[in-house]
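Have a look at the structure below before the remarks.
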Amino acid sequence: MAPAAAPATSPSPLPKLLLLLSATTGLVDAASVLGLGKVFTANMTGNIVFLGFAAAGTPGFHWPVYVAAILTFMLGALLAGRMARRQVGKPLGGWLIRSALIEAGLLWAAALIAVGFDISAPDRLRVFAIIALTAIAMGYRNATIRQLKVPDLTTTVLTLTITGIAADSAAAGGTNPNWSRRLGAVFAIFLGALLGAVLMRSFGLAAPLALAGATIFGGTLACTRHPSARQPAGG
């Protein structure tokens, strides 16, 4: 008698989680760009460009918010890098949950500070507090995702993703690798930004931040129920 076939293992839900996290990038940047004065707290490329505009004296661009976002984003990335090195060999799920708790907690703290925030007459202390909390959260996220090394899913930057869609397409003589994942990342951030703008207009600055935190934690918790979450994290 032939041996019984090994039970099929369902694919890791990690790519789906990263697509979900991509949507939260749109939520966070909608809050920061629309509510905090043209500053990104998830996408540092935009801040470097805006910092250049501010350095040229362009009206409407103020260098302190961009410097604050960049420095606190780097702080979050530094903290995540230290944690990632401590998690090598330990179950992946525990690391993801701890990271999600940190990221969501920072976003929820920012949402609490943003309750009643008046975009037309912003309190500068609250502006910098929200920038710092959200940028630390997103820096932490980016460094964590970088350690996971999932191709074509950075959850924040889309330049190379959109480049790959075109450069690796059949029209360019390519084989369309990961095309669904790449398109999904673009759509996820677009959808998050759209939803974030609607929430900003309807409920204020706190709403997209609170939803982003809940989505991050809930999605990660669901992901870690998969057997692959018990595997050791890599170096």
When you scan the stretch 31-40, do you find a residue that is among the β-branched types (Val, Ile, Thr), under 22 Å from residue 135 (Cβ atoms) and more than 18 Å from the chain's Cα centre (by Cα), even just one?
no
List pairs: first residue in the stretch 146-175 and under 17 Å from residue 216 (Cβ atoms), second residue part of a loop (DSSP other than H, G, I, E, B) anywhere in the structure, Cβ distance under 7 angstrom, at least six positions apart or on different chains.
156/42; 156/43
Checking residue 202 against (1) surrounded by 14 or more Cβ atoms within 10 Å (Cβ to Cβ); (2) modelled with pLDDT of 90 or more; (3) not aliphatic (A, V, I, L, M), which single condition isn't satisfied?
(1)
Do we find that residue 141 is open to solvent by 30 Å² or more (accessible area, probe 1.4 Å), at pLDDT 90 or above and in a helix (DSSP H, G or I) in this structure?
no
Check on residue 154, under 27 Å from residue 111 (Cβ atoms), open to solvent by 40 Å² or more (accessible area, probe 1.4 Å) and either more than 16 Å from the chain's Cα centre (by Cα) or not basic (Lys, Arg) (or both)
yes
Select from the stretch 86-112 the residues that are more than 15 Å from the chain's Cα centre (by Cα), in contact (Cβ under 8 Å) with a residue 24 or more places away in the chain and open to solvent by 60 Å² or more (accessible area, probe 1.4 Å) and write down the one among them that is nearest to residue 227 (Cα to Cα).
91
Looking at residue 195, is it more than 17 Å from residue 18 (Cα to Cα), of a type outside the set (Ser, Thr, Tyr) and open to solvent by 70 Å² or more (accessible area, probe 1.4 Å)?
yes
Among 182, 225, 201, which is part of a loop (DSSP other than H, G, I, E, B) and among the basic types (Lys, Arg)?
225
Could you run through the stretch 145-167 and say how many residues are polar (S, T, N, Q) and touching a Gly at 6+ places or on another chain (Cβ under 9 Å)?
1
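The values are calculated or read from the model by the stated rules, or taken from the named source; none is laboratory data. All figures in this text were calculated on a predicted structure; none of them were measured in a lab. Neighbour counts run over all protein chains shown; Cβ positions are idealised from the backbone, glycine included. SASA here: full protein model, heavy atoms, side chains in, ligands and nucleic acids out. Shrake-Rupley method; radii C 1.70, N 1.55, O 1.52, S 1.80 Å.
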